[in-house]
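Read the structure below first, then the notes.
The values are calculated or read from the model by the stated rules, or taken from the named source; none is laboratory data. What you are looking at is a predicted structure, and each value in this text was computed from that prediction instead of being measured. Here the Cβ is made from the backbone with ideal geometry for all residues, glycine too, and neighbour counts use every protein chain on show.
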Amino acid sequence: MNCEAVHTLSLITKCAVAEIIYVFDGYCGWCWGINEVIGRLKRDFNDRFRFRAVSGGLVVGSRIGPLGDFADYIARAIPRVEEMTGAIFSEPHRTRMRDKTTMQDSRVPAAAFAFALAASPQSDSVELAHDILALNFKAGADISLAESYTAVLQKYGADAARFVAEYKEGKLFALANEQFAFAREIGADSFPTIVYARDGHYFPLCQGFQKYENLAHALDVLHREPPELGD
């Protein structure tokens, strides 16, 4: 692909080829719910679109705080997400969400995501998004700790020890903030958001969960009848 990197570290790019951008957040339960749908779309449409993921900022600013403060809300939401999507929220995750010592801070998974892609630019960012979501909702890890990403970072050839050291020194917040700013720029203010992009134009397709069939139909139409682009 003839892509021009706009931000070297976070590898936010603009491409002439039509692409589908999946904006997720490591703390987003509905992102875990739509995870398999995104993977299936990528498998079925990768000959027609370029797919990539971008980390959004669900838990930022005043929202940063103990995960346990939201435990009752999350516990009420999980059955609905599981019923609608088929995703499973593990017992380790359910235990973790009630731990008042566990913090929520979207900058940490976003920084890990961007750090891994900087180390391995050709890696599958959708798969990386899945790995980060699985760390939270399947493994039940504390994803507010930089140390929790060691195995994921190593999988993508990134220096996990360097990530931990630089994050603790505050050097990686810019990686997260670049992701968040780009997500807002393309219209993602809730998660998950799926965006159709071409020649620097962005068209949000959905926010929240959608079934595979609905999204597959939309992608088929977009491929056959691409929207006209303004100046």
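Number of residues in the range 155-206 that are closer than 18 Å to VAL60 by Cβ and in a strand (DSSP E or B) equals 1.
Against the list (1) modelled with pLDDT of 90 or more; (2) within 30 Å of GLY170 (Cα to Cα), the condition LEU11 fails is (1). When the range 111-133 is filtered for residues that are over 20 Å from GLU19 (Cβ atoms), touching a residue at least 40 places away in the same chain (Cβ under 8 Å) and either surrounded by fewer than 24 Cβ atoms within 10 Å (Cβ to Cβ) or touching a Leu at 6+ places or on another chain (Cβ under 8 Å) (or both), the ones remaining, listed by number, are ALA111, ALA112, PHE115, ALA119. Does any residue of the range 175-192 turn out to be among the hydrophobic types (A, V, I, L, M, F, W, C), at pLDDT below 95, under 30 Å from MET97 (Cα atoms) and within 19 Å of the chain's Cα centre (by Cα)? Checked the range 175-192: at least one residue is among the hydrophobic types (A, V, I, L, M, F, W, C), at pLDDT below 95, under 30 Å from MET97 (Cα atoms) and within 19 Å of the chain's Cα centre (by Cα). Taking the criterion of being assigned to a helix (DSSP H, G or I), touching a residue at least 40 places away in the same chain (Cβ under 8 Å) and either more than 18 Å from the chain's Cα centre (by Cα) or loosely packed, with under 13 Cβ neighbours inside 10 Å (or both), would at least one residue in the range 53-62 satisfy it? No: the range 53-62 contains no residue that is assigned to a helix (DSSP H, G or I), touching a residue at least 40 places away in the same chain (Cβ under 8 Å) and either more than 18 Å from the chain's Cα centre (by Cα) or loosely packed, with under 13 Cβ neighbours inside 10 Å (or both).
Restricting the range 89-110 to residues that are hydroxyl-bearing (Ser, Thr, Tyr) and not in a helix (DSSP H, G or I), which is surrounded by the most Cβ atoms within 10 Å (Cβ to Cβ)? Show your work before the answer.
First pass over the range 89-110, keeping only residues hydroxyl-bearing (Ser, Thr, Tyr): 90, 95, 101-102, 106.
Retained after the next criterion (residues that are not in a helix (DSSP H, G or I)): 90, 101-102, 106.
Numbers: SER90: 14, THR101: 8, THR102: 19, SER106: 26.
Here the residue is SER106.
Restricting the search to the range 158-216, which residues are surrounded by fewer than 17 Cβ atoms within 10 Å (Cβ to Cβ), within 24 Å of ASN46 (Cβ to Cβ), among the small types (Gly, Ala, Ser) and in contact (Cβ under 8 Å) with a residue 40 or more places away in the chain? Result: GLY200, GLY208, ALA216.
Results for (1) more than 20 Å from PHE191 (Cβ to Cβ); (2) part of a helix (DSSP H, G or I), shown as yes or no for each residue.
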| residue | (1), (2) |
| --- | --- |
| ALA87 | no, no |
| ALA114 | no, yes |
| LEU117 | no, yes |
| PRO121 | yes, no |
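Among residues of the range 68-82 that are closer than 20 Å to SER144 by Cα, those with a Cβ under 6 angstrom from a residue that is among the basic types (Lys, Arg), sequence gap 6+ or separate chain, pair up as GLY68/ARG98; GLY68/LYS100; ALA71/ARG98.
How many residues are surrounded by fewer than 16 Cβ atoms within 10 Å (Cβ to Cβ), outside any loop (DSSP other than H, G, I, E, B) and at pLDDT 60 or above when one looks only at the range 14-52? Even if it seems obvious, please write down each step before you answer.
Going residue by residue through the range 14-52, those that are surrounded by fewer than 16 Cβ atoms within 10 Å (Cβ to Cβ) are 14, 16-17, 36, 40, 43-44, 46-48.
Then keep just the ones that are outside any loop (DSSP other than H, G, I, E, B); that gives 14, 36, 40, 43-44.
From what is left, the residues that are at pLDDT 60 or above are 36, 40, 43-44.
Residues flagged as surrounded by fewer than 16 Cβ atoms within 10 Å (Cβ to Cβ), outside any loop (DSSP other than H, G, I, E, B) and at pLDDT 60 or above within the range 14-52 amount to 4.
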